[in-house]
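First the structure, in the form of structure tokens, and then the observations on it.
Read-outs: derived from the displayed coordinates by stated rules, not from any lab. These numbers were taken from a predicted model, which means no experiment stands behind them. Here the Cβ is made from the backbone with ideal geometry for all residues, glycine too, and neighbour counts use every protein chain on show.
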Amino acid sequence: MTGTACFLCGLETDDISQDFDTRVYFVRCRRCGEYRITMECSSNPRSADETTLAAISAATRQAAESHSTLLLRTDNWDQVAAAHKNTPVRQKVLKVLRYSAAKSRSPGEFFRIQEDFDYPAFDAASPQECRFLVSHATDSGYLESMSDDALTLTVKGWDAVEPLTGTAGTPGRCFVAMSFAEQLDEAYLLGIKPAVEQDCGLLAIRMKELHHNDDICDRLLSEIRQAQFVIADFTGHRNGVYYEAGFARALGRDVINCCRDTDFDLLHFDTNHLSHIKWKMPQDLRQQLTDRIRATIVAPAK
């Protein structure tokens, strides 16, 4: 059905459909992206405050931008919001630059950021905050603005998104090696990413989130080389994760190992003797990762 307001922002949606067997709505909103919400949870927005709704909208939009579809439930509602509240301004500006890079098929290409629709992509609370973030990025030389509101990412902007690196990697940059399976998207979006970016003020890179035209294997190895450290989640025991963690160790990168408790006993004998964060839910993964990063990873220079 069409012509129905988005549960989160109230904007008229492109489409809302419902699956009565699973009691889930599928929503396609220009502002909040594509997301799913249970019928039970669909009443939550009516009692939520504006800050929480803006954070939930940011979560669904950014998940959609990274080719994932969040399922909003009553039992994950608060956690979804928490992952996008209190984001430091520096991280919001980085989100603007990464979004700009994703919209640029090649350096020098122009694109537009529509404040009324795109502000959730940056954890901004409003179009006004979005305008401030874009203006700051422009004034700082990361973006160049044309008279018709078209933007382009400058060389300085590209360097911020894809920095050159020495043998030790780029300070503050974390590569996340994990399965692309949809059932693990919450572990990344609600556990790993907020631990790295919000709690520790660093930058998380996951291949599933990156838009690129490169050979994926070449780009993957390049991202590991650029990283200061790597988080490897072995849930699902994908061979690629073992390979990426091993490659990172060969480069001398610190690797933080993680695995969901249901998969822990199946860890390969080559790695099961190493320290692993054993997690059950994204929220305890976030807390344990935050503690481990703060204890073992040297913070980048300000």
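Determine the gain in length on full extension of the stretch Tyr243-Lys156; use 0.36 nm per residue of separation and subtract their C-alpha separation, reporting nm with one decimal.
Working: separation 87, 0.36 × 87 = 31.32 nm, distance 3.23 nm.
Length gained between Tyr243 and Lys156: 28.1 nm.
Can you give me the P(r) profile for the range 1-100? Cα pairs, bins 10 angstrom wide beginning at 0, each as a whole percent.
For the range 1-100, the pair-distance distribution reads 16, 50, 28, 6, 0.
Counting only DSSP beta bridges with both residues in the chain, tell me the antiparallel percent, nearest 5.
The answer is about 45 percent antiparallel.
Out of Ile192, Ala181, Ala168, whose Cα points farthest toward the positive end of the dipole of the range 149-200 (charges: +1 Lys, Arg; -1 Asp, Glu; placed on Cβ)?
The Cα lying farthest towards the positive end belongs to Ala168.
What does the net charge come to around Leu202 if you take all other residues with beta carbon closer than 11 Å to its beta carbon, with K and R at +1 and D and E at -1?
Values: positive: Arg90, Arg173, Lys193, Arg294; negative: Glu197, Asp199.
Surrounding charge for Leu202 is +2.
For a Förster distance of 22 Å, can you work out the FRET efficiency between the beta-carbons of Arg112 and His136, rounded to the nearest 0.05? Show your work: numbers first, answer last.
On the way: r = 17 Å, r/R0 = 0.79.
Computed FRET efficiency for Arg112 and His136 comes out at 0.80.
Just to be sure I understand the curve: with the Debye formula and one point per C-alpha of the range 170-296, what is log10 I(q)/I(0) at q = 0.15, 0.21 Å⁻¹?
Taking Cα atoms of the range 170-296 as identical point scatterers yields -0.63, -1.33.
Do any of Lys95/Lys156; Lys92/Lys193; Lys156/Lys208; Lys103/Lys208 go past 18 Å between their Cα atoms, and which?
Details: Lys95/Lys156 15 Å; Lys92/Lys193 13 Å; Lys156/Lys208 24 Å; Lys103/Lys208 16 Å.
The pairs that break the limit, which is 18 Å between Cα atoms, are Lys156/Lys208.
Show me the trypsin sites (Lys or Arg not before Pro) within the range 71-180 that DSSP assigns to loop and that have at most 13 other Cβ atoms within 10 Å of their Cβ. Write down the numbers at each step before the final one.
On the way: sites: Arg73, Lys85, Arg90, Lys92, Lys95, Arg98, Lys103, Arg105, Arg112, Arg131, Lys156, Arg173; in loops: Arg73, Lys85, Arg105, Arg112.
Qualifying residues, ordered by number: Arg105, Arg112.
Pulled fully out, how much extra length does the chain show between Glu50 and Arg105, if you take 0.36 nm times their separation in residues and subtract their Cα-Cα distance?
On the way: separation 55, 0.36 × 55 = 19.80 nm, distance 3.44 nm.
Result: 16.4 nm gained on full extension.
Report for the range 202-302 the percent antiparallel among DSSP-assigned beta bridges with both residues inside it, nearest 5. Don't skip to the end; give the middle numbers.
Numbers: 0 of 9 bridges.
Around 0 percent of the beta bridges assigned by DSSP in the range 202-302 are antiparallel ones.
Only Lys, Arg, Asp and Glu count, each charged at its Cβ (+1, +1, -1, -1), so figure out the dipole size of the range 47-98 about its Cα centre, rounded to 20 debye.
Working: 7 positive and 5 negative charges, 70 e Å.
So the dipole magnitude of the range 47-98 works out to roughly 340 debye.
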